[in-house]
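Please read the structure below before turning to the comments.
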Amino acid sequence: MTPAEFAILRDQVKQDEGFSAVPYDDATGQPLQVGDVLKGALTVGWGTNLSEGIPASVAADLLDQRLEARFAELTRRFPLVLTLEWERQIVLGNLAYNMGIPRLALFVKMWAALRAGDYEQAAVEMLESRWATQVGARATRLADVMRSAEMK
């Protein structure tokens, strides 16, 4: 098949499948909600059956896109981030990716410590959160970087 013929095939499949940015049940065509029972295959995009998995290259592209979007959202909401050392920006980007901006915004004492330049206290606030108990070693590692601005 030539590239031009492949493009026609792709366009037809896209038209026939339709696009869904959210996962749906391919047996019903309905978006899935928490608690729904799956009748067919978990599907997303233009008919991509997620039970078949995705290539690592596709997952890496998704990760890059989500990281870029999340970091842009983080710096819009908290411009202070851009004034910090790159190591601390990475910590906050990691937190934003992991928990989302709304949950990260609830770290009021951590943000106050960052505004005051008290990185030790910011690290303490990170470690005294429910998030820290959920992620374990990740929290310890990120708090260490917040404290020292040194990647280990």
Tell me which of these residue 93 doesn't satisfy, since it passes every other one: (1) among the small types (Gly, Ala, Ser); (2) surrounded by fewer than 15 Cβ atoms within 10 Å (Cβ to Cβ); (3) outside the structural domain of residue 20 (by TED's automatic domain parsing); (4) under 26 Å from residue 23 (Cα atoms). (2)
Hey, residue 86 touching a Phe, Trp or Tyr at 6+ places or on another chain (Cβ under 7 Å) and either over 27 Å from residue 128 (Cβ atoms) or at pLDDT 95 or above (or both) or not: no
Among the residues listed as 105, 72, the single one being surrounded by fewer than 14 Cβ atoms within 10 Å (Cβ to Cβ) and either more than 19 Å from residue 149 (Cα to Cα) or among the basic types (Lys, Arg) (or both): 72
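In segment 1-120, which helices (runs of 4 or more DSSP H) lie fully inside it and hold 1 or more residues that are over 30 Å from residue 137 (Cα atoms) and without any contact (Cβ under 8 Å) to a residue 40 or more places away in the chain?
Output list reads 3-17.
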Report, ordered by the first and then the second residue, all pairs with beta carbons closer than 9 Å, sequence separation of six or more or different chains, a first member in segment 128-152 that is of a type in the set (Asp, Glu), and a second member that is at pLDDT below 95 and surrounded by fewer than 16 Cβ atoms within 10 Å (Cβ to Cβ). 144/152
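The values are calculated or read from the model by the stated rules, or taken from the named source; none is laboratory data. These figures come from a predicted structure and were not determined experimentally. Here the Cβ is made from the backbone with ideal geometry for all residues, glycine too, and neighbour counts use every protein chain on show.
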